[in-house]
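Reading through the structure tokens given below for one structure.
Just so it is clear, none of the values below were taken in a lab; they were calculated from the coordinates. Note that this is a predicted model, so its numbers are computed, not measured. Using ideal geometry, Cβ is built from the backbone for each residue, glycine included, and neighbour counts are taken over all protein chains shown.
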Amino acid sequence: MAITVKNPIVEMDGDEMTRIIWKMIKDKLLFPHLTLDLRYYDLGMKHRDDTDDKVTIDAANAVKEYSVGVKCATITPNAARVKEYSLKQAWKSPNGTIRSILDGTVFRKPIIVKNIPPAVRSWKKPISIGRHAYGDIYKSVEFKVPGAGTAELVFTPAAGGERVSLTIHEFKGPGVVMGMHNTEKSIRSFSRACINYALGEKCDLWFGAKDTISKTYHAFFKEVFDQEAGARKAEFEKAGARYRYMLIDDAVAQIMKAEGGMLWACMNYDGDVMSDMVASGFGSLGLMTSVLVSPEGKYLYEAAHGTVMRHYYEYLKGNPTSTNSVASIFAWTGAIARRGELDKTPEVTAFARRLEAIVVKIIEDGTMTKDLAAIAEPKVQKYALTEEFLDAVAARL
Ligand SMILES: NC(=O)c1ccc[n+]([C@@H]2O[C@H](COP(=O)([O-])OP(=O)(O)OC[C@H]3O[C@@H](n4cnc5c(N)ncnc54)[C@H](O)[C@@H]3O)[C@@H](O)[C@H]2O)c1
């Protein structure tokens with residue numbers, strides 16, 4: 001008998017090969033076992049264009065209303081895509097639009113499979129990365145200094161009062177200069193999203209910055225994190241989790257020797273660099289999940305990879321494909337498990353966890369797509385096609 005999922009999940013459909021997989025996951029793995037109330041939004045390229053991208057905004061607002069959503073990978077159009085899909089314009093990245101509406105932070109977490117060993121021997125449990133997605137060098141102003149002169153930092157208060165002016169450098173010759181900023185509001189909501197995630201996962205929270213050198217800018221991040229985590233000390237204790245501040249260089253050194261199992265909160269640039277290091281260290285983009293968490297506790301799950309365009313063109317030609325559906329399956333199970341927790345329906349959460357365990361077991365038993373077969377130990381000679389893998393999962397459910 002099908003298990004009923006009590007409250008709605010917001011579903012955002014997407015593009016290309018991931019759209020094909022998306023439908024297979026629902027038809028083969030979910031609909032036969034669950035009664036789901038899905039609020040469907042088609043974020044496929046064509047429909048975004050038809051609605052002047054209004055559908056993306058509606059979908060993000062629906063996540064605000066229902067608290068849980070799941071998103072298929074979508075095309076962020078560039079000039080080539082504008083031509084390919086005859087678009088009215090190069091619409092903005094849907095993820096960017098949704099993130100700014102939910103004011104959320106993106107967390108990436110690898111799926112651990114025994115026969116895909118991490119490149120770092122000590123890593124046994126997933127390392128999640130929370131990247132601050134606002135400000136610093138990503139919203140900076142830069143200037144190429146042509147020759148000798150004075151570079152200054154000037155602040156003019158909107159409320160009137162004295163201007164603040166600091167000398168950055170007395171240039172004796174050519175050079176470069178940059179001004180960057182962040183806001184207390186953004187740092188605070190980032191720290192809250194990280195705390196919510198860590199408490200939800202019952203895992204330690206690490207935050208690293210360079211406050212010994214940047215005694216105002218980086219130190220302010222530390223101050224906000226310390227305050228926010230300090231205010232929720234009792235919840236950390238209840239979850240059996242710990243908040244740790246470290247210098248960023250210490251955090252990097254310790255992560256290479258750690259077992260994993262923590263959330264590593266990173267400033268924008270650190271998160272950009274470290275999330276790619278962690279992703280490649282754990283093996284494959286096809287095993288990397290991603291969730292957007294808002295400070296109010298709204299969750300949007302997705303795979304960290306894109307629409308796998310190259311496979312889609314093969315699929316359109318009628319050629320066999322071997323696309324990894326694991327991260328997309330885990331996007332669904334993440335949303336379903338969260339729905340179960342919020343609705344207090346443990347049977348729903350248990351279904352999601354069982355499906356995840358089956359997927360991992362099937363790979364460990366040697367059935368996997370081409371991307372994984374290439375890096376598995378022991379080597380796997382015969383890889384599964386896209387549909388074969390999903391059928392193998394369906395057969396065990
Ligand atoms: N979150 C998102 O919605 C998101 C993220 C990234 C890219 N994109 C979009 O996806 C499209 C394609 O971008 P891209 O090629 O840079 O990224 P991609 O993630 O689709 O592919 C990058 C590389 O990894 C491989 N790969 C990725 N996922 C795989 C999987 N599940 N199974 C097997 N191989 C896999 C691809 O074959 C390719 O070689 C672009 O239009 C881009 O805008 C969307």
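Stretching Lys83 away from Ala253 to a fully extended chain increases their span by 56.6 nm, per 0.36 nm per residue minus the current alpha-carbon distance. Scalar couplings 3J(HN,Hα) for segment 79-86, obtained by applying the Karplus form with A = 6.51, B = -1.76, C = 1.60 to θ = phi - 60°, are 4, 5, 6, 4, 6, 4, 9, 6 Hz; x denotes Gly and Pro.
By other beta-carbon atoms within 10 Å, ranking Leu372, Leu247 with the fewest at the front produces Leu247, Leu372.
Put in line by how crowded their Cβ is, counting other Cβ atoms within 10 Å and starting with the fewest, Arg81, Arg108 read Arg81, Arg108. Close amide-amide hydrogen proximity is noted between Val145 and Gly175, Val176, Val177, each under 5 Å apart and 5 or more residues distant or on a separate chain (H modeled in the peptide plane; Pro and chain starts excluded).
Taking the DSSP bridge list for the chain and keeping only pairs wholly inside it, about 50 percent are antiparallel.
Per-residue packing, averaged as other Cβ atoms within 10 Å, sorts the ranges 379-389, 56-66, 11-21 into the order 11-21, 56-66, 379-389, beginning with the highest.
Report the Cα centroid-to-centroid distance between segment 202-231 and segment 86-138 in angstrom, as an integer. Spelled out, the Cα-based centre of one part sits 21 Å from the other. Working note: 222 nm ellipticity from helices only, DSSP H runs with n ≥ 4, each -39,500 (n - 2.57), summed and divided by the residues of the chain, gives -12500 deg cm²/dmol to the nearest 500.
Close amide H contacts of Lys210 (hydrogens built in the peptide plane, cut-off under 5 Å, sequence separation of 5 or more or a different chain): Ile248.
Amide H to amide H, with H built 1.01 Å from N, Thr321 comes under 5 Å of Thr386, counting only residues 5 or more places away or on other chains. The slack between Asp52 and Asn115, meaning 0.36 nm per residue of separation minus the straight C-alpha distance, is 18.2 nm. Each residue of segment 45-61 was assigned a 3J(HN,Hα) from its phi angle through the Karplus curve 6.51 cos²θ - 1.76 cosθ + 1.60 (θ = phi - 60°); the sequence is 3, 5, 6, 4, 5, 4, 9, 6, 6, 5, 4, 5, 5, 4, 5, 5, 5 Hz, with glycine and proline shown as x. As a rough footprinting exposure proxy, the listed residues Phe143, Phe221 were ranked by other beta carbons within 10 Å of their own, and the order from fewest upward is Phe143, Phe221. When peptides 46-52, 172-178, 71-77 are ranked by their average number of other Cβ atoms within 10 Å per residue, the highest-first order is 71-77, 46-52, 172-178.
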